[in-house]
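As structure tokens, the structure follows; a few thoughts come after it.
Quick note: the coordinates plus some simple rules give every number you see, no bench work behind them. Remember, predicted model here, so these are calculated numbers, not experimental data. In this analysis, Cβ positions are derived from the backbone assuming ideal geometry, glycine residues included, and neighbour counts consider all displayed protein chains.
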Number of protein chains: 2
Amino acid sequence: MQSLENKIREVGKVLSPIVLKVDAFLNHQIDAALMKAVGEEFAARFSDVKATKILTLESSGIAPATMLGLVLGLPVIFARKRKSLTLSDNLLSATVHSFTKNVTSEISVSRDFLKAGDQVIIIDDFLANGEAVRGLLSVVEQADATAVGVGIVIEKGFQHGGKELREKGVRVESLAIVDSMDVDHITFRQQD
Amino acid sequence: MQSLENKIREVGKVLSPIVLKVDAFLNHQIDAALMKAVGEEFAARFSDVKATKILTLESSGIAPATMLGLVLGLPVIFARKRKSLTLSDNLLSATVHSFTKNVTSEISVSRDFLKAGDQVIIIDDFLANGEAVRGLLSVVEQADATAVGVGIVIEKGFQHGGKELREKGVRVESLAIVDSMDVDHITFRQQD
């Protein structure tokens, strides 16, 4: 997605060999117009699937997932990273380790919203080692629902998550795939 | 806002004298079309102010704030509840206690995005005791920016946050104000 790659080149900051900071439009400040375009691009890429729900993880997945929900007219569920007193015990949960934040969280989704038979598009901001997506796939499986695809805003193609998921037969659509990066230059994978 | 009040009556659950659970469209599952309407209503209510930024708090403020950002063409910043390794030390921060979750968090915003002179609309999902809004106001003040208004999706009018903020001269626009509630009935305040 050209406008997304342009934005990453323009305001992204490569902080280390594996950390790409995009706080300027995705993880702290949100460019709402770009998120709308991201939602439309996800809808185009998944135009051949019949989805019933969109599932993401708080917090940075919420804006792109909500824009996809708006285009497709589907409910958007965001998994919680901690249990809240206003969520009941009726939870599907999984453990997710974030290497970037070096923290392990339990993610949870209420059975009230994710149901057996649901056809789910999973959305997340980043795909690196694939930990978050694996947690969300586990939650979908526990619900006896089906993950029809995974939509990622930025995939770090030099880490192994995307490769492993695709080898397992998971359909992963990443709008920008970073194949290599350093302080001076970011190389994106060519996509059709 | 009639469509919002209808939705609250339809799917909201009164769990205790002070807890209104709206996980079905705002706090866990998101109704994207309703959030778009909420964003448009906020834009209409704040049509007389010249804002430069929108500020909210993860996670449930993100969807309505992003929709407002889309309508107004403004950047949306979401305050983080914990420090992340990919946020630098260049932070504005405040302490916020959530009575619903019974947890105290530090909220933080990068000085890279909230700047001196910014005219800020603060958005949040709920207003009860006003703790989150006070934290966000403190962050705005620390940045030498100005809060031009506070937009709330659901105000619990029987708690004191909204009253205290308005008495201090803060402009608070709440799209639905619950004056009283029990398991059988929710009464909304009449608004022009």
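Results, tabulated for the structure shown:
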read-out	value
Under 5 Å, built H, 5+ apart or other chain: amide partners of B:LEU57	B:ALA79
Extension gain from A:GLN119 to A:ASP144, taking 0.36 nm per residue of separation minus the Cα-Cα distance	8.0 nm
Backbone HN-Hα couplings from phi across region A:174-182 [Karplus 6.51/-1.76/1.60, Hz, Gly and Pro as x]	10, 6, 9, 10, 8, 8, 7, 7, 8
Residues A:SER3 and B:ARG171, FRET efficiency given R0 of 35 Å [Cβ-Cβ distance, rounded to 0.05]	0.50
Shielding score for A:65-77, defined as the mean number of other chain Cβ atoms within 10 Å	5
Shielding by partners - mean other protein chain Cβ count within 10 Å, residues of B:12-19	1
Sequence-distant residues sharing a close amide H with A:GLU173 (under 5 Å, placed H)	A:VAL150, A:GLY151, A:ILE152
Angle between chain B longest axis and helix B:62-72 axis [Cα atoms, degrees, rounded to 10]	70 degrees
Spin-label model distance (nm) - A:ASP112 vs B:SER180, 7 Å beyond Cα toward Cβ	2.5 nm
Among A:50-60, B:99-109, B:60-70, B:121-131, the order from most to least packed when residues are scored by Cβ within 10 Å on average	B:60-70, B:121-131, A:50-60, B:99-109
Which of B:GLY151, B:ASN90, B:VAL140, positive extreme of dipole for chain B (C-beta unit charges)	B:ASN90
Derived scalar couplings ³J(HN,Hα) [region B:22-32; Karplus, 6.51 cos²θ - 1.76 cosθ + 1.60; whole Hz; x for Gly, Pro]	10, 4, 6, 9, 9, 9, 8, 9, 10, 8, 5
Cβ-based net charge around B:ASP179, under 14 Å, with every Lys or Arg adding one and every Asp or Glu removing one	+1
Helical mean residue ellipticity (222 nm; -39500 (n - 2.57) per DSSP H run of 4+; nearest 500) of chain B	-8500 deg cm²/dmol
Other protein chain Cβ atoms within 10 Å, averaged over every residue that makes up B:106-113	2
Highest to lowest packing among A:3-15, A:150-162, scored as the average C-beta count within 10 Å	A:150-162, A:3-15
Cβ-vector label at 7 Å, A:HIS185, separations to other copies in nm	7.1
